[in-house]
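Have a look at the structure below, then the notes.
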Amino acid sequence: MPRRIATGIDIGTHQTKVVVVEEVQTPEGPELHIIGTGLAESRGMRHGYVVDTEDAAASVRLARQQAEQIARVPIKKGFLAIGGISLDEIRASGETIISRADQEITDLDLEKVLDMAREAAKPHFLNRTILHEIPLSFRVDGAKSLGEPIGLKGTRLEGEYLFVTCLTQHAEALTACAEAADVEVIDRMASPLAGSYVTLTKDQKMKGCVLANIGAETVSIVVYDEGLPISVKVFPIGSTNITDDLALGFKVSIEDAERLKLGRLGGAMYPRKRVEEIVTTRFRTMFELIDKHLKVLGRRGTLPAGIIISGGASGQGSIIDIAKGTLNLPSRIADLKVPPETKVRDATWAVAYGLALWGLTGDTDTPKKSTMIDFVATAQKFLKQFLP
């Protein structure tokens, strides 16, 4: 029986990560094991954009080679994360008259509603690639459907969709980097959604929460409510802005400012209180951007599961207290549950890990597929999990 293995590739502004996951059959049922990881410093990237394909491809190649050595399997294909400030979202609705004579709703009716929503959002798709089409809600004859509307009866079906998009040039550039590193890209997924796969519980998603990934040059968020991702957003600010603020505040080099940020440089010349003031001010700016976005969504201060923070800057200073005070929400650091023997130690690996799980199963809880990956079915399953 062929081994079932999938690879996730996360090309970040600061680091490039590769995670290889295998589905292993045990007496208790199938289990997912991380069998290889690779980490390289990202080069040729800026705000998640590729500015030098050759340098970025070299980073992917190095991370891939490390993962291959640990996993002892060649990596020829993988699932790619799409992040960066080109990520955006569009909401649109569509409606149709039920096609069957007996007025029962079928898959054909859902397809028609989606087509109408696509048409309504079409002006926003110029130069953009649709990564995900996520159904948010359905109404049958004006009444909200409390589940999948297939099988219900009525005369008119309405649906609201969230389209997650990115600049086509950006997606093609990231894909080109992976392919230049001799990895065929099977499918692509928005980074915030991939990270949410392995850092959020079903209960958190149902009650409502926001997952914030603080990267080097961007802060990306995904907002969940009633189990659905209702928003995906990226802000052009990150932990390097803290380094810049410290460099300007203390008139020191970028290298010394980075050490200050990480607590590796101290003394009378660098009062800890002043350092914390600068760091706090920048973190507060980040969370204020998130707060404003939640206000636009109508979810300001109304997400019981609060904000879950991940990314390289998530362990710095009193970030939990700053987030709690700025957003008026419960706050915690993201937890990534992985086997202790792997090199994956924290939630900074969540995107690559989530991609690999998506590639294998489309479901982080119970692997249900028993044959080699059917990628079309996997993509459909990913969308189906978001049906209300």
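What follows draws every value from the coordinates through simple rules; no lab data is involved. All of these numbers come straight from a predicted model, not from anything done at the bench. Glycine also receives a Cβ, built like all others from the backbone with ideal geometry; neighbour counts cover every protein chain displayed.
Every Cα-Cα pair of the range 1-69 was included, and the share exceeding 15 Å stands at 55 percent. Only four residue types carry charge here, +1 at the Cβ of Lys and Arg and -1 at the Cβ of Asp and Glu. Report the dipole size of the range 88-167 about the Cα centre in Debye, rounded to the nearest 20. Dipole about the Cα centre, nearest 20: 160 debye. The distance separating the Cα centre of the range 15-53 from that of the range 285-302 comes to 31 Å. Springs between Cα atoms under 10 Å define the GNM used for the chain, and in it the highest mean-square fluctuation of V234, V24, V60 occurs at V24.
Here the range 118-237 is treated with +1 on each Lys and Arg Cβ and -1 on each Asp and Glu Cβ, and its dipole about the Cα centre works out to around 500 debye. Give the calculated FRET efficiency between R264 and D107 to the nearest 0.05, with a Förster radius of 51 Å applied to their Cβ-Cβ distance. E between R264 and D107, to the nearest 0.05, is 0.30. All C-alpha to C-alpha distances of the range 202-333, sorted into 10 Å bins beginning at zero, yield P(r) values of 13, 43, 28, 13, 3, 0 percent in whole numbers.
Residues within the reach of a label modelled at E172 (point 7 angstrom out along Cα to beta-carbon, backbone nitrogen below 15 Å), restricted to the range 109-139, are 126-130.
Among the listed pairs K207/K273; K17/K122; K153/K202, those whose Cα-Cα separation exceeds 32 Å are K207/K273; K17/K122. Cross-link partners for K324 among the aspartates and glutamates, with Cα-Cα distance under 12 Å and sequence neighbours closer than 8 places in the same chain left out: E288, D291. Within the shell of other residues whose beta carbon sits under 13 angstrom from the beta carbon of E68, the net charge comes to +4, with Lys and Arg scored +1 and Asp and Glu -1.
Taking each residue as 0.36 nm, the span from L146 to K273 lengthens on full extension beyond its C-alpha to C-alpha distance by 40.5 nm.
Largest GNM mean-square fluctuation among V232, V164, V252, using the chain with Cα springs under 10 Å: V252. Using the rule -39500 (n - 2.57) for each DSSP H run of four or more residues, divided by the residues of the chain, the 222 nm mean residue ellipticity is -11000 deg cm²/dmol.
Between the beta carbons of E54 and D88, assuming R0 = 30 Å, the FRET efficiency works out to 0.60 to the nearest 0.05.
Among residues other than G78 with Cβ under 11 Å from its Cβ, the summed charge is -1 (Lys and Arg +1, Asp and Glu -1). In the range 37-85, Cα pairs under 8 Å separated by at least six residues give a relative contact order of 42 percent. Extension gain for the segment K122 to K295, taken as residue separation times 0.36 nm less the Cα-Cα distance, is 59.7 nm to one decimal.
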